[in-house]
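Just so it is clear, none of the values below were taken in a lab; they were calculated from the coordinates. Bear in mind that the values here come from a model prediction, so they are computed numbers and not experimental data. Here Cβ is always computed from backbone atoms with ideal geometry, including for glycine, and neighbour counts include all displayed protein chains.
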Amino acid sequence: MERVAQIILRRNTTGVDWEEVARLFDAVGWSRRDPDRLARAFARSLHVRFAFHDNELAGFARAVSDGEYYATLHDIVVAPRFQGQGIGRRLVESILENCQGHHFVTATAAPGREGFYASLGFSKQKTAWTLMDDSDSPAASAYIE
């Protein structure tokens, strides 16, 4: 796969096309997201990153955090044509720079992506619990024992 030479990381939501963000969720096989809800979710997240290549959205990531002790990574998504080129790593590392000094930074890996987080220094938790709004969905079965 050809490596992308120039990726620009944006640290805010200014000018983001939320329909494009929703389409990227579809492109990677995640559940459809409502663009208006996405805009509100990213606006409420302490750390956001958007990766662009020639004004094309290549990926994004966000973290919800109290700014001191806890942060949780969410929505680490890279467009299929840009995957395998280090963009996801750049997105996460950029967010982690802002989380130094936190006691816990957590992430939930998509099935098959656990190694990505391990390569960034994350450790698998012995216990973790979640409540999902649609725990009977096919997607939920990939995450819940």
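Nearest 500 deg cm²/dmol is fine: what mean residue ellipticity at 222 nm does the chain get from its DSSP H runs of n ≥ 4 alone, each adding -39,500 (n - 2.57), divided by its residue count?
Theoretical 222 nm ellipticity from helices: -7500 deg cm²/dmol.
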State log₁₀ I(q)/I(0) for the chain at q = 0.14, 0.16 Å⁻¹ as given by the Debye formula over alpha-carbon point scatterers of equal weight, solvent excluded.
-0.70, -0.93
Could you put Y70, Y117 in order, starting from the residue whose Cβ has the fewest other Cβ atoms within 10 Å?
Y70, Y117
Taking 7 Å along the Cα-to-C-beta vector as the label spot, tell me the R10-R23 distance in nanometres, rounded to one decimal.
1.5
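Need one word for region 83-128: rounded, prolate or oblate. Basis is the Cα gyration tensor (sqrt eigenvalues a ≥ b ≥ c); a/c below 1.5 gives rounded, then a/b vs b/c decides. Display every interim value, and only then the final one.
Working: a/c = 2.45, a/b = 1.08, b/c = 2.27.
Oblate, since a/c reaches 1.5 and b/c is not below a/b.
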Per 10 angstrom bin, beginning at 0 and ending with the bin that holds the maximum distance, the Cα pairs of region 1-86 fall in percents of 17, 51, 28, 5
Listed residue (V48, H103, A22) projecting farthest to the positive dipole end of the chain, Cβ model:
H103
